[in-house]
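In what follows, a single structure is set out as structure tokens and then discussed.
The values are calculated or read from the model by the stated rules, or taken from the named source; none is laboratory data. Every value quoted in this text rests on a predicted model; they were computed, and no experiment measured them. Cβ atoms come from the backbone with ideal geometry, glycine included; neighbour counts cover every protein chain shown.
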Amino acid sequence: KFINIIDKKNNSINGFLEVKGEEALSQAQNIDSKIASGEKVGSLAGLVFGIKANINVSDFTISAASKTLENYIGSYDAAVIENIKKEDGIIIGITNMDEFAAGSSTETSYFGTTDNPAAPGHVPGGSSGGSAAAIASGMCDIALGSDTGGSIRNPASHCGVIGFKPTYGAVSRQGLLDLSMSLDQIGPLSNDISGIAISLNTLIANDPLDCTSLKWKSPDFTKALENTPEDKIKGKKIAICKQFREVTDDNINNIIDKQIDKLTDNGAELVEVSFDYIDICLPTYYLINYVEFFSSTRKYDGRKYGYKIEEACGDEVLRRIKMGSYISQQEFSGKYYKKALQARSLIRTEINKLLKDVDLIVGPTVPKLPHKIGEKLEPMEMYAYDVLTVIANLAGIPAGSIKAGQHNGIPVGLQIQAKPQDDYKIIEAMDAVE
Ligand code: GLN
């Protein structure tokens, strides 16, 4: 089924950069015959995955949608891929993205942009736009994305699918081509919560090869789908934040309000909170991102992997490399990066303080609707898409986005955030509003 849909739609959508349909089919047939002969199969048996082009999968081209790595073939499986394969998940192909995950529209891909299947002619969001579009157009069951400042949740919101960024450290980053290692987290996108829940059971695992990996005996996320919406939500304290509203398009706020009503109708207690640091979130995020990205790209010097990055990359990646190199110079020591780290710890403390008294923070995922493909945005306009999503990365907390409704046919996402390792509560709440 998926091979047919990809054949029909991928030319125009450009969600997948590479597809291995035959291999996927023969794996599926293998699993079928295992089942037929009564053999035990893994928990992801028969589920078909698309993988973002910055996660190593052996024998696929892992280009991070950059000319720099256009000929780089994955020589090993990232930890998440090993785990998916162990559980009999089937990998059908590699999805499009912004170059090195630096973007919010998938327009910076060296291999051309991805169309938004839910709102054709508009950007699908980014940077995991190929993953979100693959899900929205029915090309696979589950797609992996990476989320450094919103790259799973932003395209999930724009394409009307579900996207989930787990608690920082819950999912191994080993094998991910990092954008900003202290913020990056791999997570799933799907059309239904069961796809998110079942994949989290496999994705969340301790990994000694990732020094930030948590030792967490995580719950069975599929259990969050049992019970009625009321059972899940009754008595939960849910916070809305006036600063989130203020930065958001009114049409989006109105759609979000209806979802919040659904939660209160099911017995949630609503509280209004204030988050006074919203103005420093984007500068803090981008300073850290520039410096960490600059550092991580030093290995792309043209000797071991592909081309020298400065000679092969696009404008946005070059901007980050130059800025990262500039602000991390010794003479600026303490002026930019250190300030950003201090600001980050302030943001983190404040968010954790808010979350002490409530179970969840709910609000819009993205403050504005996606622009039309090709419309020229200034860098600051592009960065403005991220103001509500970077908070979770800076604070290391889990956050999910689920379709809340649509404005003029364009999907709008509801974002739900929780304390570190309260990922389960987000799954429950998303299931209650679905
Ligand atoms: N849009 C943000 C950026 O450009 C987030 C990217 C991401 O999460 N990978 O950095």
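Here are some notes:
- Residue check for residue 149: surrounded by 24 or more Cβ atoms within 10 Å (Cβ to Cβ), within 12 Å of the ligand (Cβ to nearest atom) and at positive phi: no
- Every condition in (1) more than 16 Å from the ligand (Cβ to nearest atom); (2) touching a residue at least 40 places away in the same chain (Cβ under 8 Å) is met by residue 82 except one, and the failing one is (2).
Residue-by-condition table, conditions (1) closer than 30 Å to residue 206 by Cα; (2) of a type in the set (Gly, Ala, Ser); (3) under 11 Å from the mean Cα position of the chain (by Cα):
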position: 86; (1), (2), (3): yes, no, no
position: 95; (1), (2), (3): yes, no, no
position: 115; (1), (2), (3): no, no, no
position: 149; (1), (2), (3): yes, yes, yes
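- Of the criteria (1) over 20 Å from residue 421 (Cα atoms); (2) out of contact with any Ser or Thr (no Cβ under 8 Å at 6 or more places or on another chain); (3) surrounded by fewer than 17 Cβ atoms within 10 Å (Cβ to Cβ); (4) of a type outside the set (S, T, N, Q), which one residue 159 fails: (3)
- Whether a residue is away from the ligand (no atom under 16 Å from the Cβ), within 22 Å of residue 164 (Cα to Cα) and out of contact with any Gly (no Cβ under 7 Å at 6 or more places or on another chain) was assessed, and residue 199 passes this test.
- Number of residues in the range 56-80 that are assigned to a loop (DSSP other than H, G, I, E, B) and buried (at least 24 other Cβ atoms within 10 Å of the Cβ): the value is 7.
- Filter result for residue 49 (more than 16 Å from the ligand (Cβ to nearest atom) and either modelled with pLDDT of 95 or more or surrounded by fewer than 24 Cβ atoms within 10 Å (Cβ to Cβ) (or both)): yes
- Count of residues meeting criterion [of a type in the set (Gly, Ala, Ser) and closer than 11 Å to residue 158 by Cα] in the range 103-127: 6
- Test: residue in the range 368-378 that is at pLDDT below 95, out of contact with any strand residue (DSSP E or B) (no Cβ under 7 Å at 6 or more places or on another chain) and surrounded by fewer than 19 Cβ atoms within 10 Å (Cβ to Cβ): yes
- Among the candidates 266, 253, the residue that is buried (at least 16 other Cβ atoms within 10 Å of the Cβ), under 22 Å from residue 384 (Cα atoms) and in contact (Cβ under 8 Å) with a residue 40 or more places away in the chain is uniquely 253.
- Sole residue being more than 16 Å from the ligand (Cβ to nearest atom), modelled with pLDDT of 95 or more and within 29 Å of residue 5 (Cβ to Cβ), chosen from 191, 206: 191
- Filter result (out of contact with any strand residue (DSSP E or B) (no Cβ under 8 Å at 6 or more places or on another chain), within 9 Å of the ligand (Cβ to nearest atom) and not in a loop (DSSP other than H, G, I, E, B)) within the range 96-117: 100
- Tallying residues that are more than 15 Å from the ligand (Cβ to nearest atom) and surrounded by 24 or more Cβ atoms within 10 Å (Cβ to Cβ) within the range 168-187 yields 2.
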